[in-house]
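Visitor: Just dropping this structure here.
Every number in this text was worked out from the coordinates using simple rules, so none of it is lab data. It should be emphasised that the depicted structure is a prediction, and the values quoted were computed from it without experimental measurement. Every residue, glycine among them, receives a Cβ derived from its backbone with ideal geometry; neighbour counts consider all protein chains shown.
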Amino acid sequence: MTGGWQSHLNRTERWYGRLIAAQSEDDKLDFLYAFFESSFAFRDWLIDTAAVTEQEMNDLFLSHVELRLNRDIANSLKHHSIKRPSQEQPPCIASEYAPERPTFGTDRRLVVLSEGKTYDAIDLAKCCLDTWREYTRL
């Protein structure tokens, strides 16, 4: 692939755009999964192109729970089983009844459940993308 990490960030942004624009539940879920996989792979692009060190990435992930959730979601989507999970119970994507703010169907929203907390999945994706955008402007 050409274009370096900038091209990969652009692809990740396009996955997010497709997620936001998706109308069907299947598309929304597929684009959410594709976004999280692409977003986590961006970490490797930054390291492999020597834009940052692995330690700098580790520090970034330590300071952003959203990126850690992104990592765990991406790994759970890519692998049937995880031999060395980063936490005891990996996060789970589910739908939640939310008639006041439906983003999935007419009365539900997608959420990420992790360690007793609930995160709006679309908001989590945006937060991850915003973190990458801000980090790469440094």
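Visitor: Apply the Karplus curve 6.51 cos²θ - 1.76 cosθ + 1.60, θ = phi - 60°, to the phi angles in segment 116-121 and return the couplings in whole Hz, x for Gly and Pro.
Guide: Working through the residues one at a time gives x, 10, 10, 10, 5, 5 Hz.
Visitor: Can you check how the C-alpha radius of gyration of segment 1-135 compares to 2.2 N^0.38 Å, as a plain ratio?
Guide: 1.05
Visitor: Output wanted: per-residue J couplings in Hz (rounded whole) for segment 55-63, from phi through Karplus 6.51 cos²θ - 1.76 cosθ + 1.60, θ = phi - 60°, x for Gly and Pro.
Guide: 5, 4, 5, 4, 5, 4, 5, 5, 8
Visitor: Peptides 28-41, 104-117, 122-135: what's the order by average Cβ count within 10 Å, highest mean first?
Guide: In descending order of packing, they fall as 28-41, 122-135, 104-117.
Visitor: When the label point is put 7 Å from the Cα of ARG101 along its Cα-to-beta-carbon vector, which residues of segment 113-130 have a backbone N closer than 11 Å?
Guide: Residues passing the 11 Å test: 119-124.
Visitor: Hey, what do the phi angles of segment 93-103 turn into as Karplus ³J(HN,Hα) couplings, whole Hz, using 6.51/-1.76/1.60 and θ = phi - 60°, x for Gly and Pro?
Guide: Karplus-based 3J(HN,Hα) across segment 93-103 equals 9, 9, 9, 10, 5, 8, x, 6, 8, x, 10 Hz.
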